[in-house]
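Structure first, then comments.
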Amino acid sequence: MSRARVVAAAVAALTLASRSAAHHSPSVFDLRTEITLTGVISAFQFKNPHLYFHLDVTDGDLQGEWEVEAQSPRIMTRYGWSAKSLAPGDRVVVVANPPQQRSKKLALGRSVLKADGTTLRVPWDRQEIRKTLRDEQAAPR
């Protein structure tokens with residue numbers, strides 16, 4: 001492989017890695033603050049790299065369409081989530097961390113309370129997630 005191709009490949013790898021790290025970084029969220037969003041699900045994406053759902057909030061000073069991020073489908077499945085956990089039209093109450101830039105309607109989900117009283121948790125503690133995944137691997141198949 002020529003030197004130019006090696007350099008180009010290295011630059012591409014670093015570019016992709018930095019974009020990926022930025023995409024998954026919680027630094028865009030205010031992890032010290034929690035907000036409560038009450039609204040109706042308008043979209044739910046249960047696919048990699050993270051679950052996302054859109055929430056139409058019509059009450060209070062947080063009105064607008066919010067995009068709420070959760071963990072990957074693999075992790076969320078271990079916590080009771082499925083592709084059918086949420087659907088457009090569902091009324092929910094979401095506890096989340098808001099964005100650092102308050103003008104954006106992004107949130108890092110913590111929990112979702114459904115109309116039937118079911119609470120779906122969104123884990124973010126790394127040690128807890130690692131333990132859950134280790135337990136998954138150790139479980140008999």
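Each value in this text was obtained by applying a stated rule to the coordinates, not by laboratory testing. This structure is a prediction, so every number in the text was calculated from the model and none was measured. Glycine gets a Cβ as well: all are built from the backbone with ideal geometry, and neighbour counts include every protein chain shown.
Here are some notes:
- Mean-position separation - Cα centroids, region 62-100 and region 39-56, in angstrom: 6 Å
- Ordering of 80-92, 127-139 by burial proxy (mean other Cβ atoms within 10 Å per residue, highest first): 80-92, 127-139
- Each of ARG102 and ARG126 was given a label point 7 Å from its Cα along the Cα-to-Cβ line. The distance between the two points is 3.0 nm.
- Karplus-based coupling profile of region 92-99, in residue order and whole Hz: 9, 10, 10, 9, 8, 8, x, x, with θ = phi - 60° in 6.51 cos²θ - 1.76 cosθ + 1.60 and x standing for Gly or Pro.
- Relative protection proxy for 53-61, 103-111, from highest mean packing down: 103-111, 53-61 (other beta-carbon atoms within 10 angstrom).
- Over all other residues within a Cβ to Cβ distance under 12 Å of GLU128, the charged ones net out to +4, with Lys and Arg as +1 and Asp and Glu as -1.
- Cut-off 15 Å between beta-carbons: net charge of the residues surrounding ASN97, Lys and Arg +1, Asp and Glu -1: +1
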